[in-house]
Amino acid sequence: MKRVAVFASGSGSNLQVLLDKAKNDELGGAVIELVVSDKPEAKAVERAKQAGVPCLALVPKEFADKAAYEERIVRELKQREIDFIVLAGYMRLCGPILLEAYGGRIINLHPSLLPAFPGKDAIGQALAYGVKYTGVTVHFVDEGMDTGPIIAQEPVKIHDHETKEELTRRVQEVEHRLLPQVLIDWVEGRIHVDGRVVIYENRRGSKEPTLQ
Ligand code: GRF
């Protein structure tokens, strides 16, 4: 089994999917051992408590600097022998301390087809730009903003006159399916990185998207 920490800053709907699947024994070789949040008041923290999963909720500005904040996190990760990290709505860039300790072992979920629309409000950015498709990306994390090697992507067609709320709901539906799939395949060794290119062997439950 691989011991996984999930980092979340917000509502934590993706975290909830992972917690539910773990509870139902549907997370393959992954076990969620820790939730980390930079927002103690976030709903994600509440969800971790409800599920009985340990949660490290920190206030970054109470630390001398980013390095000190990340050192505290890395200490906890090491103590709990965490193997892999999933960023699921964690609204901070990973700094050198975290990347040195867990480089190549951190994945992030992003609500666009990267490299389009990195950073905040990717769904709003896609709507404002007028693209006809957006989607979901799961990628490895490097020092950049949503720039690491791409593991999996799935498109979502944008309907005419679609509201941000409606598009967000449809993008999240895809996220809730894609993230657990990728996590299982990752911890079970079916995902390999070759430079920028990720080779994904025998992908489980994959559905080739039909573009209209
Ligand atoms: C998701 O859309 C994810 O792609 C982005 O932040 C959002 C988190 O949603 N990085 P939730 O907190 O899991 O509901």
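The values are calculated or read from the model by the stated rules, or taken from the named source; none is laboratory data. All figures in this text were calculated on a predicted structure; none of them were measured in a lab. Neighbour counts run over all protein chains shown; Cβ positions are idealised from the backbone, glycine included. Heads up: the accessible areas ignore ligands, DNA and RNA and are worked out on the full protein's heavy atoms, side chains in. Shrake-Rupley method; radii C 1.70, N 1.55, O 1.52, S 1.80 Å.
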Checklist outcome for this item: residue 34: passes all of (1) more than 16 Å from the ligand (Cβ to nearest atom); (2) open to solvent by 20 Å² or more (accessible area, probe 1.4 Å); (3) within 24 Å of residue 180 (Cβ to Cβ) but (2)
Checklist entry - Looking at the range 93-121, which of the residues that are open to solvent by 10 Å² or more (accessible area, probe 1.4 Å) and in contact (Cβ under 8 Å) with a residue 60 or more places away in the chain is nearest to the chain's Cα centre (by Cα)? => result 109
Checklist entry - If you scan the range 136-152, which residues turn out to be under 14 Å from the mean Cα position of the chain (by Cα), part of a loop (DSSP other than H, G, I, E, B) and away from the ligand (no atom under 13 Å from the Cβ)? => result 142, 147, 148, 149
Checklist entry - Inside the range 93-121, can you point out the residues that are in a strand (DSSP E or B), within 20 Å of residue 163 (Cα to Cα) and more than 11 Å from the ligand (Cβ to nearest atom)? => result none
Checklist entry - Only one residue in 69, 133, 90 is more than 11 Å from the ligand (Cβ to nearest atom) and touching a residue at least 60 places away in the same chain (Cβ under 8 Å), so which one is that? => result 133
Item to check | Residue among 14, 24 that alone is surrounded by fewer than 14 Cβ atoms within 10 Å (Cβ to Cβ) and among the polar types (S, T, N, Q) | outcome: 24
Checklist outcome for this item: Every listed condition ((1) assigned to a strand (DSSP E or B); (2) within 12 Å of the ligand (Cβ to nearest atom)) holds for residue 169 save (1)
Checklist entry - Can we say residue 155 is assigned to a strand (DSSP E or B), surrounded by fewer than 16 Cβ atoms within 10 Å (Cβ to Cβ), within 15 Å of the ligand (Cβ to nearest atom) and touching a residue at least 24 places away in the same chain (Cβ under 8 Å)? => result yes
Item to check | Conditions (1) part of a loop (DSSP other than H, G, I, E, B); (2) surrounded by 13 or more Cβ atoms within 10 Å (Cβ to Cβ): number failed by residue 124 | outcome: (1)
Next on the checklist: Go through the range 17-31 and report how many residues are within 13 Å of the ligand (Cβ to nearest atom) and in contact with an Asp or Glu (Cβ under 9 Å, 6 or more places away or on another chain).
Outcome noted: 2
Checklist entry - Restricting the search to the range 177-187, which residues are within 14 Å of the ligand (Cβ to nearest atom) and open to solvent by less than 20 Å² (accessible area, probe 1.4 Å)? => result 178, 179, 180, 182, 183
Checklist entry - Among the listed residues 131, 174, 141, 136, which satisfies the condition of being open to solvent by less than 50 Å² (accessible area, probe 1.4 Å) and in contact with a Cys (Cβ under 8 Å, 6 or more places away or on another chain)? => result 141
